[in-house]
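The values are calculated or read from the model by the stated rules, or taken from the named source; none is laboratory data. Quick caveat: nothing in here was measured; it's all calculated off a predicted structure. Don't worry about glycine lacking a Cβ; one is built from the backbone with ideal geometry, like all the others, and counts go over all protein chains shown.
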Amino acid sequence: MIFSELELSQVERNFTFDFAILEHDLSYFFEKRCLNYALEHIHRFDDRIKDNLYNIRPVILKESLISLTCDLASVSFYRYLNMITFVNLRKDILHYLMTATLTNDDFLPLLETIVNNYFSNLDTLDIPIDSKRLSKQVALVVYYIDNHCDEPLKTNTILKELTLDPEYTKRKFRKELGFTINFYIRHAKLQRAKQLLINTHLPIGEIADKIKFYNSAEFARQFQKEFDVTPSRYRELNQIFYKKES
């Protein structure tokens, strides 16, 4: 297969180079959880390109946003426990970018929106994670929980399903991550709830039921305790890419 080269004007070449540097910086700030620095670099980038923005074809701008979306997702895959969250976020953003008709005026607002969405989905467990260093047992448990958040989950049931020694795995999990499996089950379900709040219009009670939480009142209480914001307020602040059906 031969890939044809997209011919670029000099302005577009300069933009592509500048955006590649910005993309590198944003990925670094995402890894380090520095949203303020990320937004500051976006504003500086805006100042540099605003005079030439309308001389750049929308297809070039869209491709840049797609590249950034994938790059931020790749950081999450080896850095954060809740990688499934970012797999779904990447899917939703790419679907939006590929199906929406974007203009030059959309570029900078979308750039900030994408970055804010990734940061808003950062796992609140502020611990350094290197998935390559997790033991096989712990990695299996984390992966299982992340992929079964919509099911009733109990520690011993999970370990039995994975044919892991219960006491040994519980000790190893706590030693490597600093918290219990039960704690992570609750946390992962709340992370899943964040996705549903952003990407659907399901009532909060239905979301609590979908993730098999105790009840809607307890779900709302635990959500606010975990993220310092109510579920309804979180939805209001972050529901960006999902559009109501007409």
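Starting from the range 104-124, take each residue that is closer than 18 Å to residue 192 by Cα and list its partners that are of a type in the set (Asp, Glu), counting only C-beta distances under 7 angstrom and pairs at least six apart or across chains.
Taking only residues 6 or more apart or on different chains, the pairs are 124/226.
Modelled with pLDDT of 90 or more and buried (at least 16 other Cβ atoms within 10 Å of the Cβ): does that describe residue 110?
yes
Do the conditions hold for residue 50, that is, is it at pLDDT 90 or above and surrounded by fewer than 19 Cβ atoms within 10 Å (Cβ to Cβ)? Break it down stepwise before answering.
On the way: at pLDDT 90 or above: yes; surrounded by fewer than 19 Cβ atoms within 10 Å (Cβ to Cβ): yes.
Spelling it out, residue 50 is indeed at pLDDT 90 or above and surrounded by fewer than 19 Cβ atoms within 10 Å (Cβ to Cβ).
I need the full set of residues from the range 145-158 which are in contact with a helix residue (DSSP H, G or I) (Cβ under 7 Å, 6 or more places away or on another chain), surrounded by fewer than 16 Cβ atoms within 10 Å (Cβ to Cβ) and farther than 12 Å from residue 211 by Cα, in order please.
Taking the range 145-158 and keeping what is in contact with a helix residue (DSSP H, G or I) (Cβ under 7 Å, 6 or more places away or on another chain), we get 145-147, 149-150, 153, 155-156, 158.
Still in the list and also surrounded by fewer than 16 Cβ atoms within 10 Å (Cβ to Cβ): 147, 150, 156.
Matches in the range 145-158: 156 only.
Within the set of pairs 6 or more residues apart or between chains, which connect a residue that is in the same structural domain as residue 214 (by TED's automatic domain parsing) inside the range 148-161 to a residue that is at pLDDT 95 or above and of a type in the set (Ser, Thr, Tyr) with Cβ atoms less than 6 Å apart?
Qualifying pairs under 6 Å: 159/169.
Sort out for me the helices (runs of 4 or more DSSP H) sitting completely within the range 35-103 that have 3 or more residues that are closer than 20 Å to residue 192 by Cα and not small (Gly, Ala, Ser).
By residue number, 58-79, 83-99.
Kindly list the number of the only condition in (1) surrounded by fewer than 14 Cβ atoms within 10 Å (Cβ to Cβ); (2) in contact with a Ser or Thr (Cβ under 6 Å, 6 or more places away or on another chain) that fails for residue 86.
Just one mismatch for residue 86, condition (1).
Only one of (1) aliphatic (A, V, I, L, M); (2) within 24 Å of the chain's Cα centre (by Cα); (3) surrounded by fewer than 19 Cβ atoms within 10 Å (Cβ to Cβ) fails for residue 207. Which number is that?
Result: residue 207 fails condition (3) only.
Among (1) modelled with pLDDT of 90 or more; (2) surrounded by fewer than 19 Cβ atoms within 10 Å (Cβ to Cβ); (3) within 12 Å of the chain's Cα centre (by Cα), there is one condition residue 72 misses while meeting the rest; what is its number?
That leaves (2) as the condition not met.
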